[in-house]
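Heads up, the thing below is written out as structure tokens.
The values are calculated or read from the model by the stated rules, or taken from the named source; none is laboratory data. Keep in mind that what you see is a predicted model, and the values were worked out from it rather than measured. Neighbour counts run over all protein chains shown; Cβ positions are idealised from the backbone, glycine included.
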Amino acid sequence: MRPSVLPLLVCLMATSALAADAYKPDPNATRASIPKDYQWDLTPLFASDAAWESSRAKTESDFATLEAYKGKLKDGKALKSALETYFRVHDAANNVTLYANLRLTTDQSDAAAQGMNEKAQALMNALMDKASFLRSEILAMDDKTLEAAFKKEKGLEVYRGYVENLRRRKPHLLTDEAEKVLSLAGDNLWAEIDLNELISPAQRTFNQLLSNIPWPAVHNDKGESVQLTLSSYPRYRTSPNRAVRQEAVTKFLGTLHQYRDTFASTLSAQDALDVTYAKARHYDTAQQAYLDKDQIDPAVYKNLIDAVHANLTPLHRYVALRKKALNLPEVHLYDLYVPMVPGVEVPVTYDEARNQITQALAPLGDDYVKILSEGMDPKKGWIDVYPSVSKESGAFSANVYGKHPYVMMNFQDSADDMSTLAHEYGHALHSYLSSEKQPYQSFRYVPFLAEVASTANETLLLDWRLAHTTDPAQKAYLLNERLETIRGTIYRQTLFAEFDWKVHTFLEEGTPVTADLLEKTYGDLVRQYYGPEYAMDPNDVDEWAYIPHFYYKYYVFVYATGLSSGIAIAEKIKAEGAPARDAYLKMLRSGSSAPPLELLKGAGVDLTRPDAVTAALKVFDQTVTELDALLPQIQPPPVAPPVVPPAKPKKK
């Protein structure tokens with residue numbers, strides 16, 4: 001049911017649309033040319049750079065206050081004071097780091113912002129080093145002493161979750177000398193930041209190799225010779241001209257093939273490092289080690305793969321539909337990304353996007369819509385809306401405790417940008433609601449839950465758009481969008497997750513990881529997933545080589561579980577109304593106050609069972625059927641031009 005305040009909100013947004021339409025997004029615009037109303041306001045963090053520097057210096061000086069508790073934590077009063085000090089200083093350091101990062105994000109050429117960012121990172125690294133004694137001393141305490149401290153010291157109880165989460169991994173803590181050695185070697189299994197923010201030497205080598213490869217020239221839609229790059233590859237891969245996309249994909253993968261041995265070496269080195277750290281800390285496998293940090297049962301990982309394997313028939317039907325819709329003799333990798341229906345996308349201004357998102361997310365209730373509307377109002381300072389010449393690409397949401405989140409967009413008046421906006425505000429409101437209800441030490445949600453709120457928002461928006469279109473071509477375009485989202489996020493990321501698991505397992509079993517083994521493993525998975533009507537070209541087996549997510553330590557599976565959960569929650573809210581909505585919002589307000597699987601179960605999704613994944617893939621199957629029935633109502637399929645057979649690969 002729509003909230004009673006919605007018509008007023010829509011009216012207000014329609015009134016303000018005139019002002020928004022006066023500005024036309026331009027990626028080459030200077031920041032100064034973008035109206036201030038569409039730039040975020042960082043003054044809630046710090047009034048000025050001078051205020052930032054003052055806070056940075058004070059935070060650094062507070063390290064001494066924290067260190068004064070070293071060796072004294074067996075006393076309950078000292079333990080409480082030390083934890084209070086640590087989280088107060090951590091909060092301050094986080095604000096310092098965030099302000100510097102956001103300053104740099106909007107102007108990467110700003111030398112002052114670059115310097116601030118480096119100083120902020122050094123501050124956070126120093127804090128982690130200075131606070132390491134907290135972990136060691138808390139883990140060294142016996143259960144009886146610690147429990148007595150909790151009972152005696154008033155106010156210590158609020159830190160129980162943090163302390164118990166540390167102590168549950170006590171069997172994996174080594175001697176002081178061994179801990180020092182692993183720390184010097186770059187071990188990050190005890191890091192109190194996202195593991196994927198820490199770049200290993202193997203990942204650094206991979207990044208450098210990928211950025212320095214001399215890519216070949218290809219031809220664009222006009223037949224002009226153009227330079228292929230990492231950033232232009234996705235554009236040529238989606239060209240409606242089959243010859244253009246075939247050449248781009250074939251030359252891109254052919255170039256990767258020339259460096260396959262080096263890529264195999266970097267990936268093997270990364271995974272071998274993961275395995276080494278896991279074994280050093282007495283885990284049976286790297287998977288167990290890296291999931292344990294966020295209290296994820298490895299059974300969830302296997303359940304995802306098993307559920308997808310049980311539902312590969314819809315993906316095979318999808319390949320057959322793509323072949324039919326595009327009038328292709330066979331479907332290749334270079335045919336997977338072009339839309340199956342003619343483009344009917346119409347421009348969507350920022351204020352029109354706000355309007356549609358607000359209406360689409362109305363099932364989440366009046367309170368959610370009120371916060372959402374405030375956050376998307378650019379005059380409130382949460383969001384940096386438009387691109388500019390030195391601004392970072394992409395989009396993200398950054399959480400801030402006790403204030404409001406910050407959202408970065410590069411909005412260019414497209415429906416895709418509108419979906420990204422809904423996605424980022426899923427993250428933003430998750431952070432906002434958690435910050436409202438949780439203390440600092442438990443307001444952050446773990447990466448496993450990160451993509452649930454964002455994908456639930458996207459699902460509700462797409463469902464709303466489908467419900468509000470009567471044009472068959474537009475509806476077909478939106479159905480195609482749903483298929484590509486599920487294919488790319490559940491099927492493809494699960495394929496990646498399975499590949500990731502197999503490569504780690506090879507190393508754990510003592511099998512040398514070579515380029516030949518990686519190509520065979522990846523190729524076998526692609527054939528299994530996409531089925532008999534999918535045609536493999538010689539260098540398709542090297543696609544793994546440029547995927548950065550394989551260096552992210554058992555992370556890719558969360559994209560698939562996140563979207564499966566988001567779809568399941570959106571469906572429950574539409575079907576059950578207020579009870580399902582309230583259970584979901586309770587999860588958003590819970591941060592990390594309980595294990596993530598427990599929080600998700602409270603919202604009605606149990607990922608230890610196949611139900612959510614199976615339900616999401618049922619939606620995929622139904623959408624294949626619906627689009628197949630709709631295709632005859634739109635213009636005839638295009639005539640597929642002939643393509644040049646790819647050359648046989650030459651091994652380096």
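Scan region 411-419 and tell me whether some residue there is closer than 20 Å to Leu585 by Cβ, in contact with a Ser or Thr (Cβ under 8 Å, 6 or more places away or on another chain) and surrounded by 18 or more Cβ atoms within 10 Å (Cβ to Cβ). No; the residues of region 411-419 include none that is closer than 20 Å to Leu585 by Cβ, in contact with a Ser or Thr (Cβ under 8 Å, 6 or more places away or on another chain) and surrounded by 18 or more Cβ atoms within 10 Å (Cβ to Cβ). For region 496-545, filtering for residues that are among the basic types (Lys, Arg) and either under 18 Å from Tyr301 (Cα atoms) or touching a residue at least 24 places away in the same chain (Cβ under 8 Å) (or both) leaves 1.
Take the residues in region 231-251 that are in contact (Cβ under 8 Å) with a residue 60 or more places away in the chain and either part of a loop (DSSP other than H, G, I, E, B) or of a type in the set (Phe, Trp, Tyr) (or both), then tell me which one is surrounded by the fewest Cβ atoms within 10 Å (Cβ to Cβ). Looking at residues that are in contact (Cβ under 8 Å) with a residue 60 or more places away in the chain and either part of a loop (DSSP other than H, G, I, E, B) or of a type in the set (Phe, Trp, Tyr) (or both), I get Pro240.
The requirement of being surrounded by 21 or more Cβ atoms within 10 Å (Cβ to Cβ), in a helix (DSSP H, G or I) and not aromatic (Phe, Trp, Tyr) is not satisfied by Leu73. With the condition kept exactly as written, say whether any residue in region 532-542 is part of a helix (DSSP H, G or I) and in contact with a strand residue (DSSP E or B) (Cβ under 9 Å, 6 or more places away or on another chain). No, there is no match, as no residue in region 532-542 is part of a helix (DSSP H, G or I) and in contact with a strand residue (DSSP E or B) (Cβ under 9 Å, 6 or more places away or on another chain). Considering (1) over 30 Å from Tyr283 (Cα atoms); (2) assigned to a loop (DSSP other than H, G, I, E, B); (3) of a type outside the set (A, V, I, L, M), the lone condition that Gly566 does not fulfil carries the number (2). Tyr534 fails exactly one of the following numbered conditions: (1) surrounded by 20 or more Cβ atoms within 10 Å (Cβ to Cβ); (2) in contact with a Pro (Cβ under 6 Å, 6 or more places away or on another chain); (3) closer than 22 Å to Glu247 by Cβ. What is the number of that condition? That leaves (2) as the condition not met. Every condition in (1) outside any helix (DSSP H, G or I); (2) surrounded by 24 or more Cβ atoms within 10 Å (Cβ to Cβ); (3) modelled with pLDDT of 95 or more is met by Asp606 except one, and the failing one is (2).
So that you can scan it fast, the table gives a plain yes or no per residue for (1) modelled with pLDDT under 95; (2) outside any loop (DSSP other than H, G, I, E, B); (3) touching a Pro at 6+ places or on another chain (Cβ under 7 Å):
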{"residue": "Ser388", "(1), (2), (3)": "yes, no, no"}
{"residue": "Glu392", "(1), (2), (3)": "yes, no, no"}
{"residue": "Val400", "(1), (2), (3)": "yes, no, no"}
{"residue": "Lys403", "(1), (2), (3)": "yes, no, yes"}
{"residue": "Gln412", "(1), (2), (3)": "yes, no, yes"}
{"residue": "Asp416", "(1), (2), (3)": "yes, yes, no"}
{"residue": "Ala422", "(1), (2), (3)": "no, yes, no"}
{"residue": "Gly426", "(1), (2), (3)": "no, yes, no"}
{"residue": "His430", "(1), (2), (3)": "no, yes, no"}
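Against the list (1) modelled with pLDDT of 95 or more; (2) under 27 Å from Pro472 (Cα atoms); (3) of a type outside the set (Phe, Trp, Tyr); (4) not in a helix (DSSP H, G or I), the condition Gln356 fails is (4). Of the residues contained in region 58-69, one or more are found to be more than 33 Å from the chain's Cα centre (by Cα), more than 15 Å from Met124 (Cα to Cα) and surrounded by 15 or more Cβ atoms within 10 Å (Cβ to Cβ).
Residues Glu118, Glu84: which one is assigned to a helix (DSSP H, G or I), out of contact with any strand residue (DSSP E or B) (no Cβ under 7 Å at 6 or more places or on another chain) and either modelled with pLDDT under 95 or buried (at least 20 other Cβ atoms within 10 Å of the Cβ) (or both)?
Numbers: Glu84 fails: either modelled with pLDDT under 95 or buried (at least 20 other Cβ atoms within 10 Å of the Cβ) (or both).
Going through Glu118, Glu84 in turn, the sole match is Glu118.
Annotation note: Cβ proximity below 8 Å between a residue of region 72-88 that is under 12 Å from Leu134 (Cα atoms) and a residue that is charged (D, E, K, R) (sequence gap 6+ or interchain) occurs for Leu73/Glu137; Lys74/Glu137; Ala78/Lys72; Leu79/Glu153; Lys80/Glu153; Ala82/Lys72; Thr85/Asp62.
Report whether or not Leu478 is part of a helix (DSSP H, G or I), modelled with pLDDT of 95 or more and among the hydrophobic types (A, V, I, L, M, F, W, C).
Values: part of a helix (DSSP H, G or I): yes; modelled with pLDDT of 95 or more: no; among the hydrophobic types (A, V, I, L, M, F, W, C): yes.
Criteria not met by Leu478.
Checked against (1) buried (at least 20 other Cβ atoms within 10 Å of the Cβ); (2) out of contact with any Asp or Glu (no Cβ under 8 Å at 6 or more places or on another chain); (3) hydrophobic (A, V, I, L, M, F, W, C), Val389 passes all but a single condition, namely (1).
Would you be able to say whether some residue in region 554-569 is over 23 Å from the mean Cα position of the chain (by Cα) and closer than 30 Å to Thr255 by Cβ? Working first, answer last.
Of all residues in region 554-569, those over 23 Å from the mean Cα position of the chain (by Cα) come to none.
Checking region 554-569: not a single residue is over 23 Å from the mean Cα position of the chain (by Cα) and closer than 30 Å to Thr255 by Cβ.
Please go through region 171-225 and pick out each residue that is hydroxyl-bearing (Ser, Thr, Tyr), at pLDDT 90 or above and surrounded by 13 or more Cβ atoms within 10 Å (Cβ to Cβ).
Matches in region 171-225: Thr205 only.
Which one is farthest from the chain's Cα centre (by Cα) among residues in region 200-226 that are over 25 Å from His549 (Cα atoms) and outside any loop (DSSP other than H, G, I, E, B)? Walk me through it before giving the result.
Restricting attention to region 200-226, the residues satisfying the condition of being over 25 Å from His549 (Cα atoms) are 217-226.
Restricting the remaining residues to those that are outside any loop (DSSP other than H, G, I, E, B) gives 217-219, 225-226.
Numbers: Ala217: 31, Val218: 31, His219: 32, Ser225: 35, Val226: 31 Å.
Here the residue is Ser225.
Among the residues of region 536-582, write down those that are of a type in the set (Ser, Thr, Tyr), at pLDDT 95 or above and under 30 Å from Glu330 (Cα atoms).
If the condition is that a residue be of a type in the set (Ser, Thr, Tyr), at pLDDT 95 or above and under 30 Å from Glu330 (Cα atoms), then Ser564 is the only one that fits.
Can you name the residue in region 54-70 that is assigned to a helix (DSSP H, G or I) and in contact (Cβ under 8 Å) with a residue 60 or more places away in the chain and is also farthest from Pro27 (Cα to Cα) among such residues? Top of the filtered list is Glu67. Looking across Ala202, Ala131, one residue alone is of a type in the set (A, V, I, L, M), over 25 Å from Val558 (Cβ atoms) and out of contact with any strand residue (DSSP E or B) (no Cβ under 7 Å at 6 or more places or on another chain). It is Ala131. Scanning region 582-603 for residues that are assigned to a loop (DSSP other than H, G, I, E, B) and touching a Gly at 6+ places or on another chain (Cβ under 7 Å) yields a single hit, Ser593. Can you spot a residue in region 60-74 that is closer than 30 Å to Met408 by Cα and touching a helix residue (DSSP H, G or I) at 6+ places or on another chain (Cβ under 9 Å)? Yes, the conditions are met somewhere in region 60-74. Restricting region 104-131 to residues that are of a type in the set (S, T, N, Q) and out of contact with any Asp or Glu (no Cβ under 7 Å at 6 or more places or on another chain) leaves a set whose member that is nearest to Leu66 (Cα to Cα) is Asn125.
Of the residues Phe443, Phe496, the single one that is touching a Ser or Thr at 6+ places or on another chain (Cβ under 7 Å), buried (at least 20 other Cβ atoms within 10 Å of the Cβ) and among the aromatic types (Phe, Trp, Tyr) is Phe443. Applying a threshold of 8 Å to beta carbon distances and a minimum spacing of six or more residues, or different chains, the list of pairs starting in region 151-165 at a residue that is touching a residue at least 40 places away in the same chain (Cβ under 8 Å) and ending at one that is hydrophobic (A, V, I, L, M, F, W, C) and not in a helix (DSSP H, G or I) reads Gly161/Ala594. Considering Gly426, Gly402, the condition of being surrounded by fewer than 21 Cβ atoms within 10 Å (Cβ to Cβ) and under 21 Å from Lys380 (Cβ atoms) is satisfied by Gly402 alone. Annotation note: Cβ proximity below 6 Å between a residue of region 449-466 that is at pLDDT 95 or above and a residue that is hydroxyl-bearing (Ser, Thr, Tyr) and surrounded by fewer than 24 Cβ atoms within 10 Å (Cβ to Cβ) (sequence gap 6+ or interchain) occurs for Glu458/Ser419.
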